[in-house]
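Take a look at the structure set out below.
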Amino acid sequence: MSFEQSVINIGTLGHIDHGKTSLTRAITGTWTDRHSESLKRNMTIKLGYADAVIKKCENCSGASAYTTGDKCKGCDGEPRPFIRISMLDAPGHETLMATAIAGSSVIDGILFVIAANEPCPMQQTKEHLMIINILGLKNVVVIQSKVDLVGKEGAIKHYNQMKEFLRGSSIENAPIIPVMTNQNINVDAVLEKIANMSIPKRDAQANPLMYVVRSFDVNKPSMDASELVGGIIGGAVVQGAFKVGDEIEIRPGIKMEERAKRENYTPIITTITGMSTGTGQIEQAVPGGLIGVSTEVDPAFTKADGLMGNVVGHVGKLPDTVTSLVLTYFKLNRNDIPEQGMKENDPLILGIGTATSVGYVKKAKKDRLELELRHPACVAKNTKVAIMRNLGQRWRLTGYGIIN
């Protein structure tokens, strides 16, 4: 197995301040809240990510054989690389649910973090379980965090709450691991579960397709014009393969103007000038893991995640960019939200791929929705779209749709 590029994307989901970012740091050694607003507010605002190579000691068995360090805890031997992973840290706060939904489009497995020092379930814990159910994710490990704050009896009581909460869900039988990230206790057990997750089947021969999760301008102020480089896009290849030198198309692209409820965009045609993972440059990117792609795009368009939510492919090979959608709608059964039908012009927040868009209801009839999009979307038929509604002055996840 090559360790140049990760083969699986692991996401963290869970309520705000339940320890998702701390767990990510315990696994990867990286604090993913690098965005300035995240640091000021002490919470994850944007999707954070980091890579890690999980190693396995051939002389040991069980969880103690797995580490991301250079020494085996069991025998002090030198473990060998076993699998390379990418970690995607999603925000837990309810007002940032759309960001979590966007990230779920490139996630292959989940660490579902539930803190023992609060009752289970909290509000975002419920909603993140809905996302897991919607996407049908099977590679899920439930993490009982902060057990050191409640003691043995408190941890057992909370564990029983978690089991009751998960009963009847798609992850009813998922493993539950108590973890103390600040003391690095049971992190090896989490690594063992990740290392043995099933790797999704990828179609490397299909037309290449990449979801953009982040975008950057890496140029520094006052740099000489001759040293400036093009914009960087970061994301995950979900099918096919990209190579350095490929001519690519980015859709829907750059916003050109705004008219009434709709924004107009134009696609970007550019060339891949380089690609990288967390450890270095690569010549080819295949499905699995998060990558950075250097382009010739004006960095003014890529700075501050300006191209997040776009789709990348070979020129002329991407799905159409659309300004309206027809969906088959599946309503979630939620006893915390009053029954309320949709009517014309109702606004919705839509999680489409890694894009978050606003849609307005044109027609609603039973399980069929016709929507007008404020932000155009590049999306294929049969894609799942998460749907949030503004109920009681709060955006709530109410269901999902499948594009007709």
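The values are calculated or read from the model by the stated rules, or taken from the named source; none is laboratory data. Small disclaimer: the values here were computed from a predicted structure and weren't measured. Heads up, the Cβs are rebuilt from the backbone with ideal geometry, glycines too, and the neighbour counts pull from every protein chain shown.
Scanning the range 200-256 for residues that are assigned to a loop (DSSP other than H, G, I, E, B) and of a type in the set (S, T, Y) gives a single hit, S222. So is K193 under 21 Å from the mean Cα position of the chain (by Cα), assigned to a loop (DSSP other than H, G, I, E, B) and at negative phi or not? Spelling it out, it is not the case that K193 is under 21 Å from the mean Cα position of the chain (by Cα), assigned to a loop (DSSP other than H, G, I, E, B) and at negative phi.
Residues being modelled with pLDDT of 90 or more and of a type in the set (F, W, Y) are entirely absent from the range 387-399. Does at least one position in the range 58-65 carry a residue that is assigned to a helix (DSSP H, G or I), modelled with pLDDT of 90 or more and surrounded by 22 or more Cβ atoms within 10 Å (Cβ to Cβ)? Yes, the range 58-65 contains at least one residue that is assigned to a helix (DSSP H, G or I), modelled with pLDDT of 90 or more and surrounded by 22 or more Cβ atoms within 10 Å (Cβ to Cβ). Out of curiosity, is A380 outside any strand (DSSP E or B) and among the hydrophobic types (A, V, I, L, M, F, W, C)? Here the answer is yes, as A380 does meet what is asked.
Conditions (1) assigned to a loop (DSSP other than H, G, I, E, B); (2) modelled with pLDDT under 95; (3) exposed (fewer than 13 other Cβ atoms within 10 Å of the Cβ), marked per residue:
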{"residue": "G288", "(1), (2), (3)": "yes, yes, no"}
{"residue": "K303", "(1), (2), (3)": "no, yes, no"}
{"residue": "M308", "(1), (2), (3)": "yes, yes, no"}
{"residue": "G313", "(1), (2), (3)": "no, no, no"}
{"residue": "P338", "(1), (2), (3)": "yes, yes, yes"}
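Kindly indicate the residue of the range 315-336 that is assigned to a strand (DSSP E or B) and of a type in the set (A, V, I, L, M, F, W, C) and also farthest from G392 (Cα to Cα) among those meeting that condition. Step by step, filter the range 315-336, then rank; the result is V322. Taking the conditions (1) surrounded by fewer than 20 Cβ atoms within 10 Å (Cβ to Cβ); (2) free of Cβ contacts under 8 Å to residues at least 40 places away in the same chain; (3) hydrophobic (A, V, I, L, M, F, W, C) in turn, A204 satisfies each one other than (2).
Residue check: is L228 surrounded by fewer than 16 Cβ atoms within 10 Å (Cβ to Cβ), more than 18 Å from V315 (Cα to Cα) and either out of contact with any helix residue (DSSP H, G or I) (no Cβ under 7 Å at 6 or more places or on another chain) or outside the structural domain of C378 (by TED's automatic domain parsing) (or both)? Step through it out loud before you land on a result.
Numbers: surrounded by fewer than 16 Cβ atoms within 10 Å (Cβ to Cβ): yes; more than 18 Å from V315 (Cα to Cα): yes; either out of contact with any helix residue (DSSP H, G or I) (no Cβ under 7 Å at 6 or more places or on another chain) or outside the structural domain of C378 (by TED's automatic domain parsing) (or both): yes.
For L228, the condition - surrounded by fewer than 16 Cβ atoms within 10 Å (Cβ to Cβ), more than 18 Å from V315 (Cα to Cα) and either out of contact with any helix residue (DSSP H, G or I) (no Cβ under 7 Å at 6 or more places or on another chain) or outside the structural domain of C378 (by TED's automatic domain parsing) (or both) - is met.
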